[in-house]
1. How many residues are over 18 Å from residue 30 (Cα atoms) and under 16 Å from the mean Cα position of the chain (by Cα) if we restrict to segment 84-118?
2. Residue 43: touching a helix residue (DSSP H, G or I) at 6+ places or on another chain (Cβ under 8 Å) and free of Cβ contacts under 8 Å to residues at least 40 places away in the same chain, yes or no?
3. Which one of 5, 37, 14 is assigned to a helix (DSSP H, G or I) and either over 16 Å from residue 133 (Cβ atoms) or at pLDDT below 90 (or both)?
């Protein structure tokens, strides 16, 4: 996928940007999309099924409360830099809030999405996927559904 990001930049004439200039909400914006794409890919690759079932499974994993729970599981595994990105996202002042989430869950989810966006834009795909996998595996122990099950 790292090659794909380079290809995308080359094809559309996008220059490399200093990631530190991006607001945490911008990182969360792209992080939300890339995290959902990873989850949808996992679900689709686990087998062909009805789209509404795929949507319901994906929704349970990408909603704010699930992302909040995942980042809580991941905190001990984060580097100092990753923790700083998470905190910037968590503390960012957003003018919106998820319909079915507490403010604390929403803010932690925004921090999680900012971290995913940061890892994606810095082309740290293996690290991003590893954290998602760890979060999903550790989620098994507290009863959260894992994709495809």
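1. Number satisfying all stated conditions: 1.
2. No, not satisfied.
3. Matching residue, one of 5, 37, 14: 5.
The values are calculated or read from the model by the stated rules, or taken from the named source; none is laboratory data. The shown structure was predicted, so the numbers you read here are calculated from the model rather than taken from an experiment. Positions of Cβ are generated from backbone atoms using ideal geometry, with glycine treated the same way; all protein chains shown enter the neighbour counts.
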